[in-house]
Amino acid sequence: MDTLAAAFTWLDYAAVAVFGATGAMAAAQRKHDMVTFAFFAAVTGVGGGTMRDLLIGAPVFWVGRPDYLIACMLAALAVWTFGTGQARLKILLWLDALGMAAYSVVGAAKAISLGAPPISAVIMGVLTACFGGIVRDVLAHEPSVLLRRELYVSCALVGAGIYVILHTFGMQDLWTGVVGFAAAFLVRAAAIVWGWTLPGFPGRGKQRT
Amino acid sequence: MDTLAAAFTWLDYAAVAVFGATGAMAAAQRKHDMVTFAFFAAVTGVGGGTMRDLLIGAPVFWVGRPDYLIACMLAALAVWTFGTGQARLKILLWLDALGMAAYSVVGAAKAISLGAPPISAVIMGVLTACFGGIVRDVLAHEPSVLLRRELYVSCALVGAGIYVILHTFGMQDLWTGVVGFAAAFLVRAAAIVWGWTLPGFPGRGKQRT
Amino acid sequence: MDTLAAAFTWLDYAAVAVFGATGAMAAAQRKHDMVTFAFFAAVTGVGGGTMRDLLIGAPVFWVGRPDYLIACMLAALAVWTFGTGQARLKILLWLDALGMAAYSVVGAAKAISLGAPPISAVIMGVLTACFGGIVRDVLAHEPSVLLRRELYVSCALVGAGIYVILHTFGMQDLWTGVVGFAAAFLVRAAAIVWGWTLPGFPGRGKQRT
């Protein structure tokens, strides 16, 4: 179990750093300065988990443990140093998929451990995985990436949903986490590679953007 | 009193569902997929009450009772099924007015019951009624409906204000609620039918949008 | 010490009112009505401190003490009455610099007094100083002033950082506050007068806006 706990902790830091890097990328697009870089990295990296903790009434995870913020700063530094070339954007897209998959499970697991009912736990997983990116796009004044691209929120829903269902049926926690993570990541991978989408609203409306 | 409590509970679910439906409508405008539909419905439906609960330090109302989220999902399903034709938009405009009026009173009442002073309770009523719609418009990347149309925030202010004043003067809670609700709804109805507005800032500025 | 505490209290109200006035200014740009004016003033005035209190798990400062909201209303009334002429915008720019400098110190001090570790306390100072303005710009649907202008977030970082460092080294609280405040204000003043900026991201990207 110690190995598992350690793995989860590393996964958590890795997900924060990856999301932080996507925030720094957004700041790079507009050629912002170093401090704004760091600000975007921090907001995007810890935004989802912050919202989850506020909603379930837990102490906000990074306030007492600033190493999460340091992870975001390192991510911002890496983006500043290595730039945002095409190849790096592609790497980041895949890292983001890993981060999203990890967070959908971590978010749901934390909510369950604090006594949230199943449906709420699923929502917490989705929010943890998606909220940081939503705030990043709102602050960067760009149309939300989550709304315009292929499956994204849905992948987090798959990951959190599978985790919560397996957990409810009493499956051992290590495997529920692994299965939920893998499912979220694979659906997202398919969405990236083959452009998977769900059918849009069939009625009248503006062009989908 | 049991009838009253039951009526308030139903009003609460109805308001969540109505706001959820307006969120789904916003998603429909951009032809989003089913999951994004549900996401918008949930954020808009419970957003105002969530902000209220966070600010007054109460447990967030829907986290422990996911039936509120189910009400949002049903609202999203209804919009998906019945579409967003002109007649339905009109129905929704009126349902939204009912939801806003209900929430302005419910929000203020909850804040008072948790010991907030009168002015803060009025603000909580206004926030509960308006915040979900504000978040919806920010996420949908549209100019805030609340800012551009006829009286809206003001109607919530009327409802919450009257409720808090009557409550402070010791009027019985059933009637304070009914009077506040009716006042908020009637002012909003007048704004919809006759285009009521308050005078805009008289100095220089860009065109009002 | 009573003088100090009183000075801090007045500084706090003054900062809330000044930020409230910048919110009302944003509403004036679009010629909004009186209620929307007040709404913008309130959100901008108390937004940063609200976010700080939510994150550190303290009761939100204005909910139990509505005189902060009254300060925002007075600020909105002043903007409505005296207008937004060029000279007044300039005065406000300088008042905003004072408010930002005050808040960077007040925010960090409150976080430290509640046991937050140093790095988190610095972040809380920055958030308290900047978050209200960020929300104002998002709601007004304008590109964030914080992102496009000369040094701003950085000034708050200087103020909060110096305060926390001096405090950690055991310097007396009155002087840590004064030095942090002065540093934040002076850097901001230099940014206003001489257009100080930090170098932007050197790689490829869209034009900085």
* Would you mind giving the mean number of other chain beta-carbons within 10 Å of the Cβ of each residue in B:192-199, as a whole number? => 1
* Looking at chain A, what % of the alpha carbon pairs are farther apart than 30 Å? -> 19 percent
* At B:Tyr13, with labels set 7 Å past Cα in the Cβ direction, how many nm apart are the copies from this one, shortest first? -> 4.8, 4.8
* Where is the GNM fluctuation largest for chain B (alpha-carbon springs, 10 angstrom cutoff): B:Arg88, B:Arg65, B:Arg136? -> B:Arg65
* Helix runs (DSSP H) in chain C reaching 30 Å along axis by Cα, Kyte-Doolittle at least 1.6 -> C:118-139
* Ratio to report: Rg/Rh of the protein assembly as shown, with Cα atoms as the point set and Rh obtained by the Kirkwood method; give two decimals. => 0.95
* Asked: From the label point of A:Ala78, set 7 Å from Cα along Cα→Cβ, how far away are the matching label points in the other copies, in nm, ordered shortest to longest?
  -> 4.7, 4.7
* **Distance histogram in 5 Å bins (all Cα pairs of the stretch A:38-87, percent per bin)** => 4, 21, 24, 21, 13, 8, 6, 3, 0
* CD proxy at 222 nm, helix term only [per DSSP H run n ≥ 4: -39500 (n - 2.57); per residue of chain A; nearest 500] -> -26000 deg cm²/dmol
* Asked: Once the piece of chain linking B:Thr9 and B:Ala78 is laid out straight, how much longer is it, given 0.36 nm per residue of separation minus the C-alpha distance between them?
  -> 22.7 nm
* Structure fact -> GNM of chain B, Cα pairs under 10 angstrom: of B:Ser113, B:Ser104, B:Ser154, the biggest fluctuation goes to B:Ser113
* In peptide C:34-46, how many Cβ atoms from other protein chains are near each Cβ within 10 Å, on average? -> 4
* To do: Mind checking B:53-65 for the average number of partner chain beta-carbons within 10 Å of each residue's beta-carbon?
  => 5
* Structure fact -> Expressed in angstrom and ordered largest first, the alpha-carbon extents of the stretch A:41-123 along the principal axes are 43, 25, 13
* Say a label goes 7 Å from Cα toward Cβ at C:Gly64 in every copy; what distances in nm does this one have to the rest, shortest first? -> 2.1, 2.1
* Cβ-derived FRET efficiency at R0 56 Å, A:Leu198 paired with C:Ala189, nearest 0.05 -> 0.60
* **Label-point gap, in nm, between C:Phe61 and B:Phe61 - each point 7 angstrom along Cα→Cβ** => 2.8 nm
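No value in this document is a laboratory result; all are computed from the given coordinates. This structure is a prediction, so every number in the text was calculated from the model and none was measured. Neighbour counts are summed over all protein chains in view; Cβ atoms, including those assigned to glycine, are modelled from backbone coordinates with ideal geometry.
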